[in-house]
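The values are calculated or read from the model by the stated rules, or taken from the named source; none is laboratory data. Predicted model only: the values in this text are computed from it and were never measured. Don't worry about glycine lacking a Cβ; one is built from the backbone with ideal geometry, like all the others, and counts go over all protein chains shown. Ligands, DNA and RNA are excluded from the accessible area calculation, which covers all protein heavy atoms including side chains. Shrake-Rupley method; radii C 1.70, N 1.55, O 1.52, S 1.80 Å.
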Amino acid sequence: MSRPVIAIDGPAGAGKSTVARLLAARLGITMLDTGAMYRALALAAVRAGVASDSAADLEHLASRAMIGFEPDSPDRVLLDGEDVSGAIRTLEMGQMASAVSVHPGVRHWLVRRQQEIIQPGGFVLEGRDTTTVVAPGADLKVFLTASIEERARRRWLELKAKGEMVQLQEVVVDVVERDHRDYSRPDSPLALAEDAVIVETYGVDPSEVVETILRHLGERPDSAR
Ligand code: DC
């Protein structure tokens, strides 16, 4: 399996990005951060003055915007050729990305683009619909999980590190609400694929999570890639 496709799914705060990045480095393949693409579209919308509830305008934008990654540098996100990696990593863009991602027309175009990117194989992709919608035929599908309390604690530590003074309990409530939204949204809800392997990340070092995933990968029959 020289150019596998591994999809990593799971709720907010389960550790998808950290694990996907480590796993891709370990296998010498490319990481695809699907959330970065929704963030880039959010930025395009803000720049074009398109509101987050203008479904038709957002779909039009999604069909035309050239969203991709710098070749050989998957952390560099490109919007119409411009490196927007820094501009998309703000709280505002996270919220706008969450709002634009609910529109089926937007998802249609971004999922299509993501499927084009991974087509040659050799990708670890992460995001909330990667095992069910973007890459249901992936060589390995992983659903990362951790309790609400643990995921809230991770997020709270991240926020504290950024200097945001917030009570842990507030973050717990936020995670509960986000889970509810993610699991119940009509288009591409967060869902557990039947053949995904479930990997618990509570109290487990990310490098150990990677080892567990590699063991599961090793147990798969060799694919034709
Ligand atoms: O992972 P992130 O915070 O960068 O994602 C930003 C937003 O994009 C997130 O709130 C939900 C949306 N998203 C999505 O709907 N589907 C994905 N596969 C990835 C992200």
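So which of Leu79, Leu125, Leu43, Leu61 ends up being under 30 Å from Thr212 (Cα atoms) and among the hydrophobic types (A, V, I, L, M, F, W, C)?
Leu125
Every residue in region 89-101 that is more than 8 Å from the ligand (Cβ to nearest atom) and in a loop (DSSP other than H, G, I, E, B), please. Passing the criteria: Arg89, Thr90. Quick check on this structure: which one of Arg151, Arg178, Arg112 is without any contact (Cβ under 8 Å) to a residue 12 or more places away in the chain and either among the hydroxyl-bearing types (Ser, Thr, Tyr) or assigned to a helix (DSSP H, G or I) (or both)? The unique qualifying residue is Arg112. When Thr130 is tested against (1) within 13 Å of the ligand (Cβ to nearest atom); (2) open to solvent by 20 Å² or more (accessible area, probe 1.4 Å); (3) polar (S, T, N, Q), only condition (2) is not met.
Does Thr34 fit the bill of being among the hydroxyl-bearing types (Ser, Thr, Tyr) and away from the ligand (no atom under 12 Å from the Cβ)? For Thr34, the condition - among the hydroxyl-bearing types (Ser, Thr, Tyr) and away from the ligand (no atom under 12 Å from the Cβ) - is not met. Any residue in region 48-59 that is without any contact (Cβ under 8 Å) to a residue 12 or more places away in the chain, within 15 Å of the ligand (Cβ to nearest atom), surrounded by fewer than 15 Cβ atoms within 10 Å (Cβ to Cβ) and part of a loop (DSSP other than H, G, I, E, B)? For region 48-59, residues without any contact (Cβ under 8 Å) to a residue 12 or more places away in the chain, within 15 Å of the ligand (Cβ to nearest atom), surrounded by fewer than 15 Cβ atoms within 10 Å (Cβ to Cβ) and part of a loop (DSSP other than H, G, I, E, B): absent. Among the candidates Ala25, Ala42, the residue that is assigned to a helix (DSSP H, G or I) and without any contact (Cβ under 8 Å) to a residue 40 or more places away in the chain is uniquely Ala25. Tallying residues that are more than 13 Å from the ligand (Cβ to nearest atom) and crowded, with 18+ Cβ neighbours inside 10 Å within region 152-174 yields 5. Here the condition is being open to solvent by less than 10 Å² (accessible area, probe 1.4 Å) and either within 8 Å of the ligand (Cβ to nearest atom) or among the small types (Gly, Ala, Ser) (or both); of Gly137, Gly122, Gly81, it holds for Gly122 alone. Please find, among Ser2, Ser17, Ser52, the residue that is small (Gly, Ala, Ser) and at pLDDT 95 or above. When all the criteria are applied, what remains is Ser52.
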